[in-house]
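Let me begin by presenting the structure, written as structure tokens, before commenting on it.
Since every read-out is calculated from the coordinates, none of them should be taken as a lab result. All figures in this text were calculated on a predicted structure; none of them were measured in a lab. Using ideal geometry, Cβ is built from the backbone for each residue, glycine included, and neighbour counts are taken over all protein chains shown.
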Amino acid sequence: MEEKVLLRLTDITKKFPGVLALDKINLEIRKGEVHGLVGENGAGKSTIIKVITGAHYPDMGEMYFDGRQIGRLSPHESMSIGIACVYQELNQVPYMTVAENIYLGREKFREKNLGILDREAMKRNSEQVLKTLGLDIDASVEAGLLGVGKQQMVEIARAVQADAKLIIMDEPTASLSAKEAIELLRIVKHLREQGVSVIYISHRLDEVKEVCDRITILRDGKTIETADVKDVSIDDMVSKMVGRGISQKYPKVKAPPGREMLRVEHLTRRGVFYDISFTLYAGEVLGFAGLVGAGRTETVRAVTGADPFDSGKIFVEGREVHIRNPRDSINAGIAFLTEDRKGQGLILIQDIEFNSTLVNLKHYISSLFLKLEQSKADAERMVRELRTRTPSVHTPTRNLSGGNQQKVVIAKWLLSKAKIFIIDEPTRGIDVGAKVEVYNLINRLTSEGAAVIMISSEMDECIGMSDRIIVMHEGRVTRELTGEAVTQENVMYAASGIDAN
Ligand SMILES: Nc1ncnc2c1ncn2[C@@H]1O[C@H](COP(=O)(O)OP(=O)(O)OP(=O)(O)O)[C@@H](O)[C@H]1O
Ligand SMILES: [Mg+2]
């Protein structure tokens with residue numbers, strides 16, 4: 001193998017019952033390059049990573065790392081030969097310090113026989129690594145006290161400390177704020193300068209364009225193309241991923257404004273959000289913009305009974321409602337699609353049909369015949385419309401790729417008979433093609449007279465799909481924007497608490 005290739009996969013094939021997840025994958029990662037893996041939900045990106053790190057064993061094909069053939073590695077072996085993976089789900093031990101986490105499983109001992117740890121050295125070295133990465137993180141603080149973004153940086157520091165030659169990142173910025181994402185991209189570039197190779201998986205193609213040297217495009221478990229990133233435009237990437245062009249990114253259809261559906265007056269939860277008032281009308285999408293931590297999620301959680309509030313009133317179709325728990329909110333006709341879909345949205349051992357029709361169970365149970373026919377038909381329709389990649393609606397949701405699991409949660413709420421939809425980060429982790437399908441479904445809801453609140457941290461999406469935008473900053477509404485006033489600039493100013501006027 002040539003000098004400059006660090007990892008080579010040849011004809012790697014992986015089958016799951018009913019799914020050919022990887023179909024003769026060929027992939028070559030060079031030393032010191034950032035290599036992007038892009039593809040639709042279910043294309044096989046995470047499965048490739050699991051094969052490389054030994055979590056799955058391929059049915060066919062060979063792998064070479066640093067000049068040697070590798071077989072099935074345990075996570076420990078994979079780390080010891082220089083492969084590290086930064087998972088999206090954090091696996092820090094929260095009550096241990098940052099330094100202890102960095103050294104977890106590779107502790108330094110003062111007296112090995114007596115099991116006496118060299119805490120001083122571990123702390124000193126950890127501080128050194130954090131410093132080289134330009135990170136402002138205290139090595140002696142408990143990891144659990146750090147935010148998601150910082151914990152992920154500690155994971156990277158851990159990989160660097162272990163002298164990883166290849167660091168794999170699977171959707172690293174999916175739950176980071178815009179500022180943290182910029183920091184992460186900076187670190188990825190720094191790693192490349194140090195000669196480390198990085199595999200970078202993301203649905204945010206602008207990031208891929210910015211940070212990667214080469215990309216490999218996957219579709220249906222096959223490698224479509226590997227190219228220098230400078231030779232492919234984002235539009236090219238999209239059409240090769242999806243197998244068709246996407247003409248319109250935000251296919252917003254305006255619906256005629258209707259009657260008042262939801263009114264919130266002076267809603268306050270001390271220390272979290274204050275004096276929030278707004279009205280939502282039938283046929284409209286009301287966007288909630290703001291920075292991560294502005295209190296948007298907390299506000300809608302209070303409206304839907306997921307969290308308590310101290311004062312304020314909520315009216316549904318003009319009548320005051322007393323919502324104390326999520327059940328009350330469902331009964332009032334409000335559907336809440338949470339941002340933490342994996343944690344709160346799915347019963348993973350159950351299949352797609354079960355999960356999709358869960359909220360609506362009463363409706364299907366009213367007649368046994370209806371249940372059998374209708375529930376399957378509805379679940380299948382949602383699979384088609386959202387382009388969920390699955391062998392059938394009877395596949396357990398735990399077998400689906402991350403993005404396809406999210407589509408099932410979306411389906412579940414779209415199938416509910418609600419008239420008010422509150423959707424928190426509707427397209428996070430979802431591929432470009434499916435995003436458009438989600439927007440089309442939102443259009444359909446509003447055209448049928450439903451009202452939608454959409455929280456989105458992607459400003460383009462918020463602007464592209466909303467009729468009106470409420471901007472929050474530090475727990476307060478700073479502006480409400482309509483019509484001409486809905487611009488990137490106005491949203492940004494209001495979100496950072498600066499008054500543009
Ligand atoms: N343990 C499993 N059992 C059965 N099928 C699986 C399993 N893991 C993955 N699959 C299937 O393999 C295919 C590839 O999944 P994978 O998770 O690699 O997709 P992905 O490209 O990472 O997608 P996403 O962007 O949604 O994360 C999917 O069709 C998925 O349903
Ligand atoms: Mg994945």
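The mean sequence separation of alpha-carbon pairs under 8 Å and at least six residues apart, normalised by the residue count of the chain, gives a relative contact order of 16 percent.
Hey, got a sec? Which trypsin sites (Lys or Arg not before Pro) in the stretch 229-316 land in a DSSP loop and have at most 10 other Cβ atoms within 10 Å?
Sites meeting the loop and neighbour criteria: Arg244, Arg270.
With helices as the sole contributors, the chain gives -9000 deg cm²/dmol at 222 nm; each DSSP H run of n ≥ 4 counts as -39500 (n - 2.57), and the sum is divided by every residue.
Around the amide H of Asp59, modelled in the peptide plane, lie the amide H atoms of Thr13, Lys14, Lys15, all under 5 Å away and 5 or more residues distant in sequence or on another chain. In terms of Cα atoms, the Rg and Dmax of the stretch 226-337 work out to 19.8, 59 Å.
Which FRET efficiency value, to the nearest 0.05, is calculated for Val141 and Val272 with the Förster distance at 30 angstrom and r the Cβ-Cβ distance? Mind showing how you got there, number by number?
Working: r = 24 Å, r/R0 = 0.81.
The formula returns an efficiency of 0.80 here.
The value given for the stretch 26-184 is a Kirkwood hydrodynamic radius of 17.0 Å, derived from the mean inverse Cα-Cα separation. Loop-located GluC sites (Glu not before Pro) across the stretch 437-501 with a Cβ neighbour count of 11 or fewer within 10 Å are Glu448, with loop assigned by DSSP.
By the Cα gyration tensor, the stretch 386-501 has an equivalent ellipsoid whose semi-axes, rounded to whole angstrom, run 31, 15, 12 from largest to smallest.
Rg of the Cα atoms in the stretch 129-213, relative to 2.2 N^0.38 Å, amounts to 1.04. For trypsin sites (Lys or Arg not before Pro), the sites in the stretch 28-114 that DSSP calls loop and that have at most 11 other Cβ atoms within 10 Å are Lys112. Enclosing the Cα atoms of the chain in their convex hull gives a volume equal to 171 cubic angstrom per residue.
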